[in-house]
There are 2 protein chains.
Amino acid sequence: MNDGEVTAAVESMAQQARAAALKLSQLSTEKKDAILRAMAAGLRSATAEILESNAKDIAAGEEKGLGKAMLDRLRLDEARVDAIAGGIEQVASLPDPVGEVMEEWERPNGMRLQQVRVPIGTIGIIFESRPNVTSDAAVLCFKTGNATILRGGSEAIHSNRAIAKALQNAGAEAGLPEHAIQLVPFTDRSSVTALCQMDQWLDVIIPRGGKGLIETVVAQARMPVIKHYDGICHVYVDAAADEKMAVDLVVNSKTQKPGVCNALETLLVDAKVAESFLPKVAEALVAKGVELRGCERTRAVIECAEANEEDWGTEYLDLILSIKVVDSLDEAVSHINTHGSHHTDCIVTGDEARAEAFLQSVDSACVFHNVSTRFADGEEFGFGAEIGISTEKLHARGPMGLRELTSYQYRVRGEGQVRS
Amino acid sequence: MNDGEVTAAVESMAQQARAAALKLSQLSTEKKDAILRAMAAGLRSATAEILESNAKDIAAGEEKGLGKAMLDRLRLDEARVDAIAGGIEQVASLPDPVGEVMEEWERPNGMRLQQVRVPIGTIGIIFESRPNVTSDAAVLCFKTGNATILRGGSEAIHSNRAIAKALQNAGAEAGLPEHAIQLVPFTDRSSVTALCQMDQWLDVIIPRGGKGLIETVVAQARMPVIKHYDGICHVYVDAAADEKMAVDLVVNSKTQKPGVCNALETLLVDAKVAESFLPKVAEALVAKGVELRGCERTRAVIECAEANEEDWGTEYLDLILSIKVVDSLDEAVSHINTHGSHHTDCIVTGDEARAEAFLQSVDSACVFHNVSTRFADGEEFGFGAEIGISTEKLHARGPMGLRELTSYQYRVRGEGQVRS
């Protein structure tokens, strides 16, 4: 297809999504949950077709020489398909935020106002290699009454098509409005550009993938974009920290799952406890296979590689930790606000006043006192499901659950009040 | 200045705004309110300088041949300066949303979570001819702990500079952090482009002005933009409406202040009451000088000009009203969702079930039952102040008060919890 044909096809999908959204907003929670359960069952029944399609993607990926990690993200098996279906059932069991009265009040003239949660409308999801996103994102958006247009990466196109088809077919039988869940059936690069121009029909785009993808979308999109950028997370070990607790928190934050955005990347240590604390934490980290990169003052206490300026702004996503000795809480806060990514940062201390000062002055989505950074997660927060961890300050900040996929409207009731 | 110099100057301002924002976020409500009162007093003391500067703008505007309405928007006098200062005192008296605990809960592992309102950070305001926006926008952003960069239109540059200087000087003496309120001191067009590129330093841009300005910003901005687009507002008069109430609501919605976004533009009338209702409402509207443009079925009942397709999508901002007869609530809702601007729409009816159906199916920021559309307003909603009426679905929808100028962060406290 040429670019004009791609744009026309995407525009037609976007218009249909808008029409579907109006129908979706009228579905009851019971109806939506019944459709979700039907989609889960449909996905399970389609396991054979899905795995067959996935095998095509894997074969193409191997031919193209994709790396082992990439192929692993791409690969589905019976257990993974079953887990995706289980995820749909989990979403069906969650409370529906749509219709919730967020606030209500009355004005002196007798008007009664309500702020009520409603669906956003239409959501574009642009993602890369994991085919499970097709289902995960679509069902979270559907549960909240939104229509989705999914645009996945070319490596997973056969798998994505098979999953979308299974959801659409099973959903349709159970009453899913047509075009409520659409997958862009081709992977021309210009389809991303086209989606970014559909601000009349698409209310928001959520890119799920690497920095390159996000930046492409941000540069082109005319509608709001909810970004999920890096997590350069810090733990600051204050002079009043319990050293044993601090070691446990640092080790857990760094090593429990190093490849994710809420993993620890930089450790800050108060100079007053550096000599005592650094050898203990270094021993525990090295035992877990972590490579340490320290500032000069760190290297005066423990043996490790040298950290340079670049390290302070790097999300390793690997068993590497940069370490800096600081003279004060203020220096720690300033380092975090300057070099961090405003994602998740933690203070370890027994001093309540300093803990509160840290929580109030660190400009991050999640600020923690004495808990592992790995808890920055929708499931761990109790949201039941998560579409990602937003690095936005507007609309949704930090872990995003169902509520963050809604908008609101003001409903005002009166008896003929006029303005004078 | 050439474009490179403009960009460098704007970037330096944006960096300074970010630094100021971190200081602003730490100010207590009492301190902020004291600074606001000092700024109000400072503005009053500077009345002579402000009026002198304003006279330059007016002279330049007259020379350039600006229209009467434009010159009126531009013109300040003692009463207007006093009103601006009064507006600052009003903002000082409002409750501060920053620090509010929106929700708190505990997890099974003992972690305590709080979702707490915090400032957004840095806000760019790009506006056109009204010099009062310099003060109005800056103080709303300041009250909520945000740093602002204001970029006003060239017609008001002398007035804007004088107002900004008065606020900055009086504020500084009372403890306003440096660079908390900055005005771009030049009006090169490239300064708008430059602001739109500062996504590293500016968290959001709010354009205040016409559609052309908003579209320029949307096309260029890399950060979120809170748009205030048209209001194509509807009143739907249902078969079960009290006709006297309906006439009053239509007349008030249309004529009480026709030049604003919450004024009525299109009247929809149920066919079952068209013959009885249309003559009554037409008489009342014509008495107020309103020009009527009706669909064919309207013109079968009353004499008026013909409405064409374009009328259904036009925000007249004038004493003109388009009228359409519809066969059902569904047709009214569908017309509104298709042709409206998702701003404010009202049903007049005595039938509760139909009223609720309307409120739940119209996809607009404000949906009203039996009240004038003119109530779609931050002050009328009880927000105490308003930065505008957002046509966004994300972050802030409808009237925006102080709360909509905040973000939030999650503060989590524990005793060493780790993730397993």
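The numbers here are math on the coordinates, done by the rules we state, and not lab data. The structure displayed is predicted, hence computed values, not measured ones. Glycine gets a Cβ as well: all are built from the backbone with ideal geometry, and neighbour counts include every protein chain shown.
For this structure, a couple of remarks:
- For A:Glu379 and A:Ala41, the FRET efficiency from 1/(1 + (r/R0)^6), where r spans their Cβ atoms and R0 equals 25 Å, is about 0.60.
- Close amide H pairs (under 5 Å, H built 1.01 Å from N) link B:Gly294 with B:Ala305, B:Glu306, B:Ala307, B:Ile323, residues at least 5 positions away or on another chain.
- For region B:187-204, Karplus couplings with θ = phi - 60° (6.51, -1.76, 1.60), whole Hz, Gly/Pro x: 10, 3, 4, 5, 5, 5, 4, 4, 4, 5, 9, 8, 5, 6, 10, 10, 7, 7
- Of B:Ile58, A:Ile226, B:Ile336, the sequence from fewest to most neighbouring Cβ atoms within 10 angstrom is B:Ile58, A:Ile226, B:Ile336.
- Relative contact order (%) - criterion: Cα under 8 Å, at least six apart; region: chain A: 18
- Three-way shape label, the protein assembly as shown, alpha-carbon gyration tensor, a/c 1.5: oblate
- In a fully extended conformation the segment linking A:Asp199 and A:Ala353 would gain 50.8 nm over its present Cα-Cα distance, using 0.36 nm per residue.
- FRET efficiency for the B:Lys244 to B:Glu215 pair, using the beta carbon distance and R₀ = 35 Å, is estimated at 0.25.
- Listed by chain and number, the aspartates and glutamates whose alpha-carbon sits under 15 Å from that of A:Lys68, ignoring those within fewer than 8 places in the same chain, are A:Asp57, A:Glu155.
- Residues A:His179, A:His339, B:His343, sorted so that the one with the fewest Cβ neighbours within 10 Å comes first: A:His339, A:His179, B:His343
- Comment: the Cα-to-Cβ extended label point of A:Arg189, at 7 Å, lies 3.1 nm from its counterparts in the other copies, nearest first.
- Listed cross-link partners A:Lys227/B:Lys165; A:Lys393/B:Lys254; A:Lys211/B:Lys227 are compared with a 28 Å cut-off, the Cα-Cα value being larger for A:Lys227/B:Lys165; A:Lys393/B:Lys254.
- Dividing the helix sum by the residues of chain B, where each DSSP H run of 4 or more adds -39500 (n - 2.57), gives a mean residue ellipticity at 222 nm of -14000 deg cm²/dmol.
- Label zone of A:Glu63 (point 7 Å out along Cα→Cβ, amide N under 20 Å): in region A:160-190 this covers A:160-162, A:186-189.
- Residue order for B:Phe186, B:Phe358, fewest other beta carbons within 10 angstrom first, comes to B:Phe186, B:Phe358.
- Taking the label point 7 Å along Cα→Cβ, A:Gln90 and its counterparts in the other copies are spaced 4.9 nm apart, in ascending order.
- Gyration tensor over alpha-carbon atoms, region B:233-377, equivalent ellipsoid semi-axes in Å: 19, 17, 15
- Each copy carries B:Arg75; placing its label point 7 Å along the C-beta direction from Cα gives inter-copy distances of 7.8 nm, listed from smallest up.
- Considering the rotation that superimposes chain A on chain B, the residue of A whose beta-carbon lies nearest the axis, and that distance in Å, is A:His395, 2.
- Each label was represented as a point 7 Å from its Cα along the Cα-to-Cβ direction; for B:Ser93 and A:Asp318 these points are 6.2 nm apart.
- The reciprocal of the average 1/r between distinct C-alpha atoms defines the Kirkwood hydrodynamic radius, which for chain B equals 23.4 Å.
- FRET efficiency, B:Glu106 to A:Arg403 (Cβ-Cβ, R0 25 Å, nearest 0.05): 0.85
- Ranked by the mean number of other Cβ atoms within 10 Å per residue, highest first, peptides A:1-7, B:44-50 order as B:44-50, A:1-7.
- Peptide B:393-402 - average C-beta neighbours from other chains (10 Å radius): 5
- Residues with amide H under 5 Å from that of A:Gln417, placed H, sequence gap 5 or more: B:Ser372
- Derived scalar couplings between HN and Hα for region A:332-337 equal 4, 4, 5, 4, 5, 5 Hz in order, rounded to whole Hz, by the Karplus curve 6.51 cos²θ - 1.76 cosθ + 1.60 (θ = phi - 60°), x for Gly and Pro.
- Between A:Asp82 and A:Arg419, the modelled labels are 6.0 nm apart [label points 7 Å from Cα along Cα→Cβ].
- Region B:233-377, relative contact order [Cα under 8 Å, separation at least 6], %: 33
- Sequence-distant residues sharing a close amide H with B:Leu150 (under 5 Å, placed H): B:Ile125, B:Gln182, B:Leu183, B:Val184
- Of all aspartates and glutamates in the structure, those lying under 13 Å Cα to Cα from A:Lys280, and not within fewer than 8 positions of it along the same chain, are A:Asp242, A:Glu243, A:Asp248, A:Glu303.
- Within the straight-line cut-off of under 17 Å between alpha carbons, the lysines reachable from A:Lys23 are A:Lys31, A:Lys32, A:Lys143, sequence neighbours fewer than 8 places apart in one chain being disregarded.
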